[in-house]
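Scroll down for the structure; my scribbles are underneath it.
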Amino acid sequence: MPAYPDDDPTSLRLELELVPKGTAVGEVVKQLIALLTVGDLVPGSRLPPERQLAEQLGVGRSAVREALAALEILGIVSVRPGSGTYLRDTTSELLPTTLSWGMMLNAARTRELIEVRSGLEIQAATYAAQRVDDEAVEALRGFVDTMRDSLDDLDAFLQADLRFHLQIAVSADNVVLRDLLQSTRSLLRLWVERGLSERSQAQVAYREHLAVFEAISRRDPDAALEAMRAHMATAGERVGHADVEGSQR
C-alpha cells in the first residue's frame, strides 16, 4: 500500500540532502537506502521520479538512474518501464548488514570487493575441475560458444559470461561458496557491465573464459586455478577502471 495519497510519489516528504561532488552514485544509493529502510515508504510504494530525486539530491539524472539500477540488482526495488520504481514487497532480513559493508559504489570498497570475488572465483574453478560432471561441461561449452558468437552483442556476451561463472559455482558443489559468489557478483554487476564496453575487451574475455573452460573440462584443478587467476586479474583491472570513471561522473 503506497505511503502517500492518491498514489502520487511527488507528494512524499523526502529527507534527502545534497550530495557532495565526486561521490554521486554511491551517496545517492546510501541516501535512498536510508529512505527505504527507515523512511515513510512501505513495501509496494512507488518512488518519486528520477527528475525529482535528482533535483533534491543536487545530482544528474544519470547518477540517480545508476543508483536505482544498483538497488534493483540488490533486489531492493523493482523498476517497471512506463510505470516507475517500486519498493519490493519483501527484502532480506540481512539487508541492513549487507548494505552496511556492501555498498561498494566507491573506488576503495570496489577494489576490496574485486579482491574477494577473485579469491572466490579461483577457489570455485579449482573445485569445479575436481567435481564437474559431463552435463556441466557441455553447459560450460555452450556458454563459451555463445561468448564467441556474441562479440558484437555485448548484452548477450555478458549474459553468457554470467551464466558461465554461475555454472562453475554450481559445479564446485559448495553451497556457501556459491552463495558468497552470487552476493559479490550482484554487488559488482554494475561495474562489470561498465568494464566490458568494447569488442576488443570481449575478445580478451572470451579467450580467458575459453582457457578456464578447457582446464575444467580436462579436470585439471591446477590449470583451472591459473586460468581463473589470469582472468580475474584482467577482469579486475577492467572493473576497477570502470569504477574510477563512474565515480568521476
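The values are calculated or read from the model by the stated rules, or taken from the named source; none is laboratory data. What you see is a predicted model, and the numbers here were worked out from it, not measured in a lab. Ideal geometry is used to build each Cβ from the backbone, glycine not excepted, and the neighbour counts take in all protein chains shown.
Residues in the range 170-194 that are in contact with a Phe, Trp or Tyr (Cβ under 9 Å, 6 or more places away or on another chain) and either modelled with pLDDT under 90 or surrounded by 20 or more Cβ atoms within 10 Å (Cβ to Cβ) (or both): Ser171, Ala172.
Based on what the data block shows, is Arg148 basic (Lys, Arg) and at pLDDT below 95?
So Arg148 fails the test.
Cβ-Cβ distances below 6 Å connect the following pairs, each with a first residue in the range 60-71 that is closer than 11 Å to Leu32 by Cα, a second residue that is modelled with pLDDT of 85 or more and among the hydroxyl-bearing types (Ser, Thr, Tyr), and a separation of six or more residues or different chains: Leu68/Thr85. Inclusion of Asp161 among residues that are assigned to a loop (DSSP other than H, G, I, E, B), acidic (Asp, Glu) and at pLDDT 90 or above is not warranted. Tallying residues that are modelled with pLDDT of 85 or more and either part of a loop (DSSP other than H, G, I, E, B) or in the same structural domain as Ser186 (by TED's automatic domain parsing) (or both) within the range 64-77 yields 0. Can you find a residue in the range 102-124 that is farther than 18 Å from Arg238 by Cα, touching a His at 6+ places or on another chain (Cβ under 9 Å) and at pLDDT 95 or above? Looking through the range 102-124, at least one residue is farther than 18 Å from Arg238 by Cα, touching a His at 6+ places or on another chain (Cβ under 9 Å) and at pLDDT 95 or above.
Condition check ((1) buried (at least 19 other Cβ atoms within 10 Å of the Cβ); (2) at pLDDT 80 or above; (3) of a type outside the set (D, E, K, R)) across all residues:
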{"position": "Leu12", "(1), (2), (3)": "yes, no, yes"}
{"position": "Glu15", "(1), (2), (3)": "no, no, no"}
{"position": "Pro20", "(1), (2), (3)": "no, no, yes"}
{"position": "Ile33", "(1), (2), (3)": "yes, no, yes"}
{"position": "Pro43", "(1), (2), (3)": "no, no, yes"}
{"position": "Leu47", "(1), (2), (3)": "yes, yes, yes"}
{"position": "Glu50", "(1), (2), (3)": "no, yes, no"}
{"position": "Ser62", "(1), (2), (3)": "no, yes, yes"}
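Taking Arg80, is it closer than 20 Å to Gln182 by Cα and either modelled with pLDDT of 75 or more or not aliphatic (A, V, I, L, M) (or both)? No; evaluated as a whole, the condition is false for this residue. Is at least one residue of the range 171-186 among the aliphatic types (A, V, I, L, M) and either within 15 Å of the chain's Cα centre (by Cα) or closer than 22 Å to Glu237 by Cα (or both)? Checked against the condition, which is being among the aliphatic types (A, V, I, L, M) and either within 15 Å of the chain's Cα centre (by Cα) or closer than 22 Å to Glu237 by Cα (or both), the range 171-186 yields at least one hit. Specify which of the listed residues (Ala215, Ala211, Ala160) is touching a residue at least 60 places away in the same chain (Cβ under 8 Å), touching a helix residue (DSSP H, G or I) at 6+ places or on another chain (Cβ under 6 Å) and surrounded by 16 or more Cβ atoms within 10 Å (Cβ to Cβ). The conditions single out Ala215. Of the listed requirements (1) at pLDDT 85 or above; (2) surrounded by fewer than 18 Cβ atoms within 10 Å (Cβ to Cβ); (3) not in a helix (DSSP H, G or I), Thr90 misses just one: (1). Here Ser197 passes the criteria (1) surrounded by fewer than 18 Cβ atoms within 10 Å (Cβ to Cβ); (2) without any contact (Cβ under 8 Å) to a residue 24 or more places away in the chain except the one numbered (2).
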